[in-house]
Amino acid sequence: MLQPAVEGFFLGASLIVAIGAQNAFVLRQGLARRHVFAIATFCFLADALLIAAGVGGLGSLVQAMPSVLFVVTLAGAAFLAAYGAMAIRRAFHAAGLSASGAAETRLAPALATVAALTFLNPHVYLDTVVLLGSLSARHAGTARLAFGLGAMFASCVWFYALGYGARLLAPLFARPVAWQALDIVIGLVMFAIAASLLWQAFG
């Protein structure tokens, strides 16, 4: 069972380790040291749930419902564009440029934001449910289970490493200009993802 588990781990990691809306939010919370455990845990559990759904066969159902994916795509693009605009605005707002004030958000709103960034992004479903689900079909029985668990473990390692590893960059982000640059990059990433979603929907 080791081979499919290792395969699942590396395939899962290749899909998760990328600059995206969810990862950008986890990074920012990690730098600010705000709700890191809760945010990382939510991201991991959400990924694990979606991976389990994909490995369990939900991927084929998602592919058979293009209208639902279209609605999610539009909603995701709108949310990401709005979040990107907020990040750009925050970059040029003096109160948002210090580490102490970078993410002074209560836990509930922070979890609501990361939930929206996770579940309103169609790429999450395409990667975890459809793609990983399809690839897991090459295995059967306990080997398929091992593949799914390997992918889940990759998600676990990544989100906790990203959230807590961000603290190593704390000296750099002690300077307000570093926070400003990060928010500008986050904003541009959100705009780019939103544009790609609209292109997929209407292109």
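Points worth noting:
- Selection count where residues are farther than 29 Å from Phe70 by Cα and in a helix (DSSP H, G or I), scope segment 159-203: 20
- Among the residues listed as Phe159, Phe153, Phe173, Phe147, the single one being touching a residue at least 24 places away in the same chain (Cβ under 8 Å) and open to solvent by 30 Å² or more (accessible area, probe 1.4 Å): Phe153
- Residues that are over 22 Å from the mean Cα position of the chain (by Cα) and at pLDDT below 75, drawn from segment 67-98: His93, Ala94, Ala95, Gly96, Leu97, Ser98
- Search result, residues across segment 176-203 that are open to solvent by less than 20 Å² (accessible area, probe 1.4 Å), over 18 Å from the mean Cα position of the chain (by Cα) and touching a residue at least 24 places away in the same chain (Cβ under 8 Å): Trp179
- Selection from segment 8-34 of residues that are at pLDDT 85 or above and open to solvent by less than 50 Å² (accessible area, probe 1.4 Å): Gly8, Gln22, Asn23, Ala24, Phe25, Val26, Leu27, Arg28, Gln29, Gly30, Leu31, Ala32
- Counted residues, segment 120-134 - those being over 13 Å from Ala53 (Cα atoms), in contact with a helix residue (DSSP H, G or I) (Cβ under 7 Å, 6 or more places away or on another chain) and open to solvent by 20 Å² or more (accessible area, probe 1.4 Å): 1
- Segment 115-139, residues that are outside any helix (DSSP H, G or I) and either modelled with pLDDT of 80 or more or within 16 Å of Met65 (Cβ to Cβ) (or both): Leu120, Asn121
The values are calculated or read from the model by the stated rules, or taken from the named source; none is laboratory data. On a predicted model such as this, the values are computed, not experimentally measured, just so you know. Here Cβ is always computed from backbone atoms with ideal geometry, including for glycine, and neighbour counts include all displayed protein chains. Quick note on the areas: whole protein, heavy atoms, side chains included, nothing else; ligands and nucleic acids left out. Shrake-Rupley method; radii C 1.70, N 1.55, O 1.52, S 1.80 Å.
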